[in-house]
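Contents: one structure, followed by commentary.
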Amino acid sequence: QVQLVESGGGLVQPGGSLRLSCAASGTSFSFYTMGWYRQAPNKERELVATITSGGSPKYADSVKGRFTISRDNAKNTVYLQMNSLKPEDTAVYYCKLESRFDPAWGQGTQVTVSS
């Protein structure tokens, strides 16, 4: 079974930056689209960004121009570089392997943006 492990979350001031990592094991990571999602308290989980196996990114409007998704297939890792962070970015961030038949989620990592 595939395993996804997120890391890099924490507390950051508004305007600051964080880099999240998602390390995958147990599957051929390089063949799949990967996604980052987030869920704030009392809100639905929402898509933040995706990146295809070929490296093509897509972003939610709320993070365009501030976040960058990337991947390193050799390291079986996907990243989310978050710049110009806002309090409304506060959420648990989840990594997802976008498999049609067997999607997989990471455990999540907390990002808190507060002064």
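FYI, it's all coordinate maths here, none of it is from the lab. Since the structure is predicted, the reported quantities are computational estimates derived from the model, not experimental observations. For neighbour counting, all protein chains shown are included, and Cβ atoms are generated from backbone atoms with ideal geometry for every residue, glycine included.
Side notes on the structure shown:
- Per-residue ³J(HN,Hα) for the stretch 38-53, Karplus 6.51 cos²θ - 1.76 cosθ + 1.60, θ = phi - 60°, Hz, x for Gly and Pro: 9, 9, 8, x, 6, 10, 6, 5, 10, 6, 9, 6, 9, 9, 6, 4
- Cross-link reach list, lysines versus K43, counting only Cα pairs under 30 Å and skipping chain neighbours closer than eight places: K58, K64, K86, K96
- Only Cα pairs under 8 Å and 6+ residues apart enter the sum, and on that basis the relative contact order of the chain stands at 36 percent.
- For the chain, a Gaussian network of Cα nodes joined below 10 Å ranks E98, E44, E88 by mean-square fluctuation, and the top entry is E44.
- Here the Karplus relation 6.51 cos²θ - 1.76 cosθ + 1.60, evaluated at θ = phi - 60°, turns the backbone of the stretch 15-20 into coupling constants of x, x, 9, 9, 10, 8 Hz, with x for every Gly and Pro.
- Taking a Cβ cut-off of under 13 Å around A104, the surrounding Lys, Arg, Asp and Glu residues balance to a net charge of -1, with basic ones at +1 and acidic ones at -1.
- Two-site label geometry, Q81 and Q13: point separation in nm, points 7 Å out along Cα→Cβ: 2.2 nm
- Hull volume in cubic angstrom per residue (convex hull over the Cα atoms of the stretch 1-78): 112 Å³
- Over the stretch 72-115, relative contact order from alpha-carbon pairs under 8 Å, at least 6 apart, %: 37 percent
- Rg and Dmax over the alpha-carbon atoms of the stretch 26-115 stand at 13.0, 42 Å.
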